[in-house]
Every structure is written in structure tokens, then in C-alpha cells.
Amino acid sequence: MKRLDFYQLYDEACKARDMAYAPYSGFTVGAALLTTDEKVYLGCNIENSAYTPTCCAERVAFYKAVGDGYTKPSDFQAIAIAGGMKDEEARSKCPPCGVCRQVMSEFCDADSFLVIMTGDENGPEVHNLSELLPLGFKL
């Protein structure tokens, strides 16, 4: 993946963030999941007044892709995540929660799957999933 692609994927995550349903926290998150065949799945966080049924943007994107038949680690390249308070720019870093990291580990190769977050003037911050979830649960 070229550096420019990081920016493009992150821009898609920012667009997905506009679709978030976050009336309780006001914290909106968008995710853009890139498959190896260059398809992009968007997800946004969807809150619920009972909180437990709330779903993160990253999982929404993954579940859309899985519903379309993408289930193998070789199917996924990267995910970009943008988050922050509604009507404000994305904050400097919005890492995936632990549950989302575990879901990613179910479907991705942790050493090659990339997680892209807002960076600084030098560009997006990029990590391998294995850096963010060093001891993920696997059967």
C-alpha cells in the first residue's frame, strides 16, 4: 500500500464518521476497511441507550465485509479510523477498543494487517495489529 493510499483510506473513515449515531456520548467514529481486492467497507459507531448493544465503527465495517463473504486473513489489508466529538475535527489519535482489536484478530493476519489513525504533520500513524494486540486470543 502506497503512502497516498493511507490518506485516501483515512479520508473515507472521516466520511463514514459523518454517519455515526452517537446521541449519548457525542463521540463519533468512522472506519474504512480495505480488502486485498481494493474494496472499501465503511462503518460508523452506533450507540444505544442501553449501552451494551452499542457497536463500534470498526466492527460495523468488519461485519459488513464478513456478510459479503470476506472471512480469511488474506482478505484484509488495512483499516483507517477517525474519531472525536461531534462537529469537531478528528482527534489526534483514535485507537480501536480491545473488543475491536480482538475482532480484527479473528479475521486478519496480525503481523501484516495495518491500523491507520490520525497522525501529525508527518502523516497518518500506522501500526500492525500485532503491535496493538500483542497477546490476542486465538483457538
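Computed from the coordinates by the stated procedures, all read-outs in this text should not be read as laboratory data. Just so you know, these numbers come straight off a predicted model, no measurement behind them. When we count neighbours, we look across all protein chains shown, and the Cβ atoms used for this are built from the backbone with ideal geometry, even at glycine.
Under a plain spin-label model, where a point goes 7 Å from the Cα along Cα-to-Cβ, how far apart in nm are Asp18 and Ala50?
3.2
Pop out the ³J(HN,Hα) list for segment 37-49 in order, Karplus 6.51 cos²θ - 1.76 cosθ + 1.60 with θ = phi - 60°, rounded to Hz; leave Gly and Pro as x.
Per-residue couplings from phi come out as 9, 6, 7, 10, 10, 9, x, 9, 6, 10, 8, 9, 4 Hz.
Rounded to the nearest 20 debye, what is the charge dipole size of the chain about its Cα centre when +1 sits on each Lys and Arg Cβ and -1 on each Asp and Glu Cβ?
Numbers: 13 positive and 20 negative charges, 63 e Å.
I would put it at about 300 debye.
Which percent of Cα pairs goes in each bin when the distances of the chain are cut into 10 angstrom slices starting at zero?
13, 46, 34, 7, 0
Percent antiparallel among DSSP beta bridges with both residues in the chain, to the nearest 5? Mind dumping the intermediate values first?
Values: 20 of 25 bridges.
Taking every DSSP beta bridge within the chain, about 80 percent pair in antiparallel fashion.
Regarding segment 27-80, what is the average projected area of its C-alpha convex hull, in nm²? Walk me through the numbers before you get to the answer.
Details: hull surface 15.4 nm².
For segment 27-80, the mean projected area of the Cα convex hull comes to 3.9 nm².
Would you please name the GluC sites (Glu not before Pro) within segment 1-64 that are DSSP coil residues with at most 16 other C-beta atoms within 10 Å of their C-beta?
Values: sites: Glu12, Glu38, Glu47, Glu58; in loops: Glu38, Glu47.
Passing sites in segment 1-64 are Glu38.
Counting other beta carbons within 10 Å of each Cβ, put Phe27, Phe62, Phe6 in order, fewest first. Mind showing how you got there, number by number?
Numbers: Phe27 16, Phe62 24, Phe6 19.
So the residues, fewest neighbours to most, are Phe27, Phe6, Phe62.
For the pair Arg91/Thr35, report the inter-label distance in nm, with labels modelled 7 Å from Cα in the Cβ direction.
3.2
If neighbour count is taken as other Cβ atoms inside 10 Å, put Arg101, Arg17, Arg91, Arg59 in order from fewest to most.
Ranking Arg101, Arg17, Arg91, Arg59 by Cβ neighbours within 10 Å, fewest first, gives Arg91, Arg101, Arg59, Arg17.
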